[in-house]
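The values are calculated or read from the model by the stated rules, or taken from the named source; none is laboratory data. Model, not experiment: these values are computed from the prediction. Note that each Cβ is placed from the backbone with ideal geometry, even for glycine, and that neighbours are counted across all protein chains shown.
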Amino acid sequence: MALPLIKIQQILDNKSKIKKCGKYLSNYNDVFFIGRGINYPIALEGALKLKEVSYIHAEGYAAGELKHGPFALLGKDTSVVAIVAKDNTFDAMINNIREIKARGAPVIVVSEEENGAVSELADYVITIPTVDYIFSPVVNVVALQLLAYYTARERGCPIDLPRNLAKSVTVE
């Protein structure tokens, strides 16, 4: 495996797919981010970044917790960004995506590869380079930050000066 820094550069060099996904996502006012295991906090971070720069309502969830309320909010008007790692959570994430698609929600998947199950279920797939499991959050968060950036840019938001952010960070 190459160093994670080289893998991050690969994401930055191949951002055209993320740009397309940002254009697609810019049409939604509600987005769920889901992940399992070590990528659950990355789902939270993805939602946070999207909120901060694009002003889209976004929430991060542990994928297994969707049945405890959030499923009621899913439909064609709520997009879902799913982080699918090639680890022991893979099958469970595929099942979660199937349940999400059954409710008519569009899905963008962030995954190491576009294989049968992932590409069959997803509306869009953001392919990230393969890294050791422990480094997967690093490459996933870079892809999600770019997704937030391109979504905000498509919506015409002031990316470098998001409203209320500086004040909320500096004032307690």
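Values as computed for the structure displayed
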{"read-out": "Subset of the stretch 130-145 (residues that are under 20 Å from residue 20 (Cβ atoms), crowded, with 20+ Cβ neighbours inside 10 Å and not β-branched (Val, Ile, Thr))", "value": "140, 143, 144"}
{"read-out": "Residues being at pLDDT below 90 and either surrounded by 20 or more Cβ atoms within 10 Å (Cβ to Cβ) or farther than 22 Å from residue 27 by Cα (or both) - total across the stretch 103-129", "value": "8"}
{"read-out": "Whichever residue in the stretch 53-72 is of a type outside the set (Gly, Ala, Ser) and either buried (at least 20 other Cβ atoms within 10 Å of the Cβ) or in contact with a Gly (Cβ under 7 Å, 6 or more places away or on another chain) (or both) and, among such residues, is farthest from residue 101 (Cα to Cα)", "value": "53"}
{"read-out": "Positions within the stretch 73-84 being buried (at least 23 other Cβ atoms within 10 Å of the Cβ) and of a type outside the set (Val, Ile, Thr), in sequence order", "value": "79, 82"}
{"read-out": "Flag if residue 163 is part of a loop (DSSP other than H, G, I, E, B), of a type in the set (D, E, K, R) and either within 19 Å of residue 48 (Cα to Cα) or free of Cβ contacts under 8 Å to residues at least 40 places away in the same chain (or both)", "value": "yes"}
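Every residue, every condition in (1) among the β-branched types (Val, Ile, Thr); (2) out of contact with any His (no Cβ under 7 Å at 6 or more places or on another chain); (3) without any contact (Cβ under 8 Å) to a residue 12 or more places away in the chain, yes or no:
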{"residue": "26", "(1), (2), (3)": "no, yes, no"}
{"residue": "49", "(1), (2), (3)": "no, yes, no"}
{"residue": "65", "(1), (2), (3)": "no, yes, yes"}
{"residue": "89", "(1), (2), (3)": "yes, yes, no"}
{"residue": "94", "(1), (2), (3)": "yes, yes, no"}
{"residue": "100", "(1), (2), (3)": "yes, yes, no"}
{"residue": "109", "(1), (2), (3)": "yes, yes, no"}
